[in-house]
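Nothing in this text is a laboratory measurement; each read-out follows from the coordinates by a stated rule. None of the values given here were measured: they were computed from a predicted structure. Glycine also receives a Cβ, built like all others from the backbone with ideal geometry; neighbour counts cover every protein chain displayed.
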Amino acid sequence: MKNANPVSCGIRAALASFIALCAAGCGSDRSEKAEAAAPKTVYDHFAIDVGGHPASLQFAVLGPEQERGLMQRMDLGRDEGMIFVNAAPRTLSIWMHNTPEALDLAYLSPDGTLVEVYDLLPLDERPVNSHSGDVQFALEMPKGWFSANGIRPGARIDMKAVTDAMVARGFDPVKYRLRERWPSATP
C-alpha cells in the first residue's frame, strides 16, 4: 500500500470499521436473544400468588431437583419457597434429610387447592405423607408462613402463573395436565 491514495485508504478503513461494528452488533444481538430464550432453571424464582399472598417460588420438577429440594439451605427469604410439581396426582411424601431450616409443607390438589398443611422439623428424616392420594403439588415455605398469612386448607394457588412458570422452565404444560385446565396461560 506504499503508493495508495490516502482517500482510498480512509474509505477502506472506514468501511472495515463499519463492517466490524455491524458484525459485533449482530453477534451480541444473537447472544442476547439466546439468553432470553434459554429455559429457566430450578434456581430461578417465580412470583406466584398463594391464597392471596405473593410468594417467590423455585420449581422442582425433575427427579434430581425434587430429591435435592431445599437441602442445606439456610437462606430462605420470608416469602420464598419451593414448589414440587408432579406429572399426575398421587400420594406424595416429603422428608427433611439435610434440611437445616424448619419449614411448612402444603399439599395441593391438581386444581391448585391447598388440602393439607404440616410442620417440618429440621433434619427430620421421617417421611410426611399426604393423606390424600389426589395431590399433585407440594409447597415448602418458611416455618409459620401459612399461619402468618392466614392461609388454610381451601386456599388456592394461582395455577395460570404456575403454568407460565412451567413453560418458562421449558416444560410442556400438557404433560403435567396444566394446559387443559388453564389454556389461556402463555404458550
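Evaluating 6.51 cos²θ - 1.76 cosθ + 1.60 at θ = phi - 60° for every residue in the range 69-77, the Karplus couplings come out as x, 9, 3, 6, 9, 10, 10, 5, x Hz, glycine and proline recorded as x. Net charge in the neighbourhood of V85 (other residues with Cβ under 10 Å of its Cβ; Lys, Arg +1, Asp, Glu -1) is 0.
Multiplying the residue separation of R90 and A38 by 0.36 nm and subtracting their alpha-carbon distance yields 15.6 nm. What is the calculated FRET efficiency for H45 to M74, with r their C-beta to C-beta distance and R₀ = 22 Å, to the nearest 0.05? Between H45 and M74 the formula returns 0.85.
Bridges between two residues of the range 46-168, per DSSP, are antiparallel at a rate of about 85%. Relative contact order of the range 93-187: 28 percent, from C-alpha pairs under 8 Å at least 6 residues apart in sequence.
Phi-derived couplings, Karplus 6.51 cos²θ - 1.76 cosθ + 1.60 at θ = phi - 60°, listed residue by residue for the range 109-118: 6, x, 8, x, 8, 6, 10, 8, 10, 9 Hz, with x used for Gly and Pro. Positive contributions from Lys and Arg (+1) and negative ones from Asp and Glu (-1), summed over other residues with Cβ under 12 Å from the Cβ of V135, come out at -2. Bridgeable aspartates and glutamates around K160 (alpha carbons under 15 Å apart, same-chain partners fewer than 8 residues away excluded): D49, D111, D172, E180.
Highest mean packing comes first when the peptides 103-116, 125-138 are listed by Cβ atoms within 10 Å, giving 103-116, 125-138. Taking Cβ atoms as reference points and 12 Å as the exclusive limit, the residues near L105 contribute a net charge of -4, counting Lys and Arg as +1 and Asp and Glu as -1.
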